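Down below is the structure, laid out as structure tokens.
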Amino acid sequence: MNRPKPGRILPSEITPEAVHQDRRRLLATLGYAGVGLALGGATAARAARTGPVPTVTRNAKFVARETPNSWDDITSYNNFYEFGLDKADPKENAQDFRTQPWAVEIAGECDAPGKLTLEDILKPHALEERIYRFRCVEAWSMVVPWMGFSLADLLTRFKPNSRAKYVEFTTLLDPRQMPGQRRAVLEWPYVEGLRIDEAMHPLSFVAVGLYGRWLPNQNGAPLRLVLPWKYGFKGIKSIVRIRFTERQPRNSWNIAAPDEYGFYANVNPAVDHPRWSQAKERRLGGSLFTARVDTLPFNGYGEEVASLYRGMDLRKYF
Ligand code: MTE
């Protein structure tokens, strides 16, 4: 598990991460951390999309203080059941997954539905880098320098109407390309949902890359959600459909095990998973995990998001 096959990692894949870390260190030393950082120029050798890596500016408002995990950590230890159940399976089995061409259907309660190519989706958005903490429901965590844009900026383009109380997201259904979908481990396709105010929150992010490069397939190419105050399973990958709804959408893990996984899935150290505690987490680091540390309410983003849930019983709405 978590061991790359010999010869699979090219030096060119390792360099951007090392360079990135060096720049971070340099900027931190100079007291510049958070200033816009151009990472353009290189080509993403084995990333899902080809062509030049766009210029990325770090958004100083969204920079976790912890050191990001390495490229290797983030791209070798994944949950993407469409490509297998083990953490090493997605990297192994998603290499040939085709993400070009890609289209996303926009449907439901909005005034501008339709079908957009990925290029149409990307065009108006300046890509930015955000360094977010990421907490998996399995009680491990990491810190990821995502590249993408605000989910609210994307959703407002489709002019949701007053009946749009929720947003549903759907992953591609293609058992020929996604071997995991040939087995009934989950109900396919993978679906997720957010309340509209959660979706429009400034922290909600559409990731199309990490470490200044296009997303590798195993991390959800070509576009996936990142919601840093929620458990990782809300971060649906390889999205092909966005639908505005009046009713609360279903979500895959809640369908599979309703007693274990809720709709909200806010990180909450006070509410245990029925089979394990959520009070602590292990930070992924190299081939081993580091020591357990306390999990923070809303994964440390409580100041920003707690007001979304004022008056709600978070034991009931877990
Ligand atoms: N999206 C799809 N389509 N299928 C999945 O199995 N797994 C989820 C989420 N998104 C999953 C998914 C879970 S459980 C987690 S923890 C994160 O993706 C993992 O993201 P990562 O592999 O980039 O760390």
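Restricting to the stretch 272-304, name every residue that is modelled with pLDDT under 95 and assigned to a loop (DSSP other than H, G, I, E, B).
Within the stretch 272-304, 286, 287 meet the criteria.
Among (1) more than 30 Å from residue 154 (Cβ to Cβ); (2) aliphatic (A, V, I, L, M); (3) within 12 Å of the ligand (Cβ to nearest atom), where does residue 270 come up short?
Only one criterion in (1) more than 30 Å from residue 154 (Cβ to Cβ); (2) aliphatic (A, V, I, L, M); (3) within 12 Å of the ligand (Cβ to nearest atom) is unmet by residue 270, namely (3).
Would you call residue 302 in contact (Cβ under 8 Å) with a residue 60 or more places away in the chain and open to solvent by 10 Å² or more (accessible area, probe 1.4 Å)?
yes
Being outside any loop (DSSP other than H, G, I, E, B), touching a residue at least 12 places away in the same chain (Cβ under 8 Å) and over 22 Å from residue 123 (Cα atoms), is that true of even one residue in the stretch 171-178?
Filtering the stretch 171-178 down to residues outside any loop (DSSP other than H, G, I, E, B) leaves 171.
Checking which are touching a residue at least 12 places away in the same chain (Cβ under 8 Å) leaves us with 171.
Checking which are over 22 Å from residue 123 (Cα atoms) leaves us with none.
Scanning the stretch 171-178 turns up no residue that is outside any loop (DSSP other than H, G, I, E, B), touching a residue at least 12 places away in the same chain (Cβ under 8 Å) and over 22 Å from residue 123 (Cα atoms).
Run residue 314 past the list (1) surrounded by fewer than 17 Cβ atoms within 10 Å (Cβ to Cβ); (2) closer than 19 Å to residue 147 by Cβ and report the number of the one that doesn't hold.
Result: residue 314 fails condition (2) only.
Quick one: which residue in 290, 295 is surrounded by 15 or more Cβ atoms within 10 Å (Cβ to Cβ) and under 23 Å from residue 70 (Cβ atoms)? Don't jump to the end; show me each part of the working.
Working: 290 fails: surrounded by 15 or more Cβ atoms within 10 Å (Cβ to Cβ).
Being surrounded by 15 or more Cβ atoms within 10 Å (Cβ to Cβ) and under 23 Å from residue 70 (Cβ atoms) holds for just one of 290, 295, which is 295.
Among the residues of the stretch 236-263, how many are in a loop (DSSP other than H, G, I, E, B), buried (at least 22 other Cβ atoms within 10 Å of the Cβ) and either charged (D, E, K, R) or out of contact with any Ser or Thr (no Cβ under 8 Å at 6 or more places or on another chain) (or both)? Steps first, answer last, please.
Residues of the stretch 236-263 that are in a loop (DSSP other than H, G, I, E, B), as a first pass: 236-238, 246-251, 257-263.
Of the ones still in play, those that are also buried (at least 22 other Cβ atoms within 10 Å of the Cβ) are 236-238, 251.
Right, trim to either charged (D, E, K, R) or out of contact with any Ser or Thr (no Cβ under 8 Å at 6 or more places or on another chain) (or both) and you get 237, 251.
Selection size over the stretch 236-263: 2.
When you check residue 243 against the structure, is it over 28 Å from residue 100 (Cβ atoms), at pLDDT 95 or above and of a type in the set (Lys, Arg), yes or no?
Details: over 28 Å from residue 100 (Cβ atoms): no; at pLDDT 95 or above: yes; of a type in the set (Lys, Arg): yes.
Answer is no for this residue.
Need at least 2 residues that are more than 11 Å from the ligand (Cβ to nearest atom) and either among the basic types (Lys, Arg) or at pLDDT below 95 (or both) per element, so show me which strands (runs of 3 or more DSSP E) inside the stretch 70-147 make the cut, counting only ones lying wholly within it.
Values: elements: 103-108, 114-117, 128-135.
In the stretch 70-147, 128-135 are the strands (runs of 3 or more DSSP E) which contain 2 or more residues that are more than 11 Å from the ligand (Cβ to nearest atom) and either among the basic types (Lys, Arg) or at pLDDT below 95 (or both).
Which residues, taken from the stretch 167-193, are more than 12 Å from the ligand (Cβ to nearest atom) and farther than 16 Å from residue 253 by Cα? So that I can check it myself, show each step before the final result.
Quick first cut of the stretch 167-193, residues more than 12 Å from the ligand (Cβ to nearest atom) only: 167-168, 175-177, 179, 182-184, 193.
Matches in the stretch 167-193: 167, 175, 176, 177, 179, 182.
Give the residue, chosen from 184, 221, that is open to solvent by 10 Å² or more (accessible area, probe 1.4 Å) and either among the small types (Gly, Ala, Ser) or in a helix (DSSP H, G or I) (or both).
Details: 221 fails: open to solvent by 10 Å² or more (accessible area, probe 1.4 Å).
Checking each option against the conditions leaves just 184.
Is it the case that the stretch 237-246 has a residue that's closer than 17 Å to residue 136 by Cα and near the ligand (Cβ under 10 Å from one of its atoms)? Write out each step before concluding.
Start the filter on the stretch 237-246 by keeping residues that are closer than 17 Å to residue 136 by Cα, which leaves 237.
Subsequent filtering for residues that are near the ligand (Cβ under 10 Å from one of its atoms) retains 237.
Yes, the stretch 237-246 contains a residue that is closer than 17 Å to residue 136 by Cα and near the ligand (Cβ under 10 Å from one of its atoms).
The values are calculated or read from the model by the stated rules, or taken from the named source; none is laboratory data. In this text, all values refer to a predicted model and were calculated from it rather than measured experimentally. Reconstructed Cβ throughout: ideal geometry from the backbone, glycine too, with neighbour counts over all protein chains shown. Each accessible area value is taken on the protein alone, full model and side chains, heavy atoms only, with ligands, DNA and RNA left out. Shrake-Rupley method; radii C 1.70, N 1.55, O 1.52, S 1.80 Å.
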